[in-house]
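Undergrad: Have a look at this one before I ask anything.
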Amino acid sequence: MEKNLFYIETYGCTSNKADSNIISNVLFKSGYTETTLEDAEFVIINTCAVKQQTENKIKSRLKELYNTYKKETNKYFIIAGCLPHIEPNYIDVVKKIIPNFSAIISLDNLNDLPLIFQDIKSGKTNLVFKKKRSIDKSTFLIEHPKEKLLEFYQFRKVV
């Protein structure tokens, strides 16, 4: 039976927080459920490149996550946000920290997340999805059943 559980950790600006809500909504509409880091199958780190201090915190957190979960074969790490696409050679940096990362995604690929997750479950690793089209994020309506709202925010880590 598929778990279809995800966890999002958000770093940086207000825009990133909104992007994390959009990611959650896309996945929710595709049958995924937000949960704790420990229970999640998919761990999404939504990064920010505005401040060096935040970038350093993200790198430290990625190392911590990798060291904690490297022996778990059913935990997939997805790096999202602007950092992999702004910072030169960041994909190589991520590979050094998490050699078997599952995917690095552009937020322009939001609608593709369920398909990307299927590719990951089929065993693909080190997937990189760079911007392939421009999307209007204002078209993403954030809809969650009222009974899920409290549950939804209890798992979210915003740094």
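Please treat every number below as a calculation from the coordinates, not as lab data. Treat the numbers as computed from the prediction; the structure is a model and nothing was measured. Neighbour counts are summed over all protein chains in view; Cβ atoms, including those assigned to glycine, are modelled from backbone coordinates with ideal geometry.
Undergrad: With a 10 Å radius around each residue's Cβ, average the other Cβ atoms per peptide and rank 99-107, 117-125, 54-62, 4-12, highest first. Could the numbers behind the result be given before it?
TA: On the way: 99-107: 19.8, 117-125: 13.3, 54-62: 17.0, 4-12: 21.3.
The densest-packed peptide leads the list: 4-12, 99-107, 54-62, 117-125.
Undergrad: Regarding the stretch 1-41, what are the three Cα extents along the principal axes, ordered largest first, in Å?
TA: 36, 22, 9
Undergrad: Report, in listed order, any pair from LYS75/LYS124; LYS3/LYS95; LYS95/LYS121; LYS51/LYS95 with a Cα-Cα distance greater than 24 Å.
TA: Values: LYS75/LYS124 13 Å; LYS3/LYS95 26 Å; LYS95/LYS121 19 Å; LYS51/LYS95 21 Å.
Over 24 Å Cα-Cα: LYS3/LYS95.
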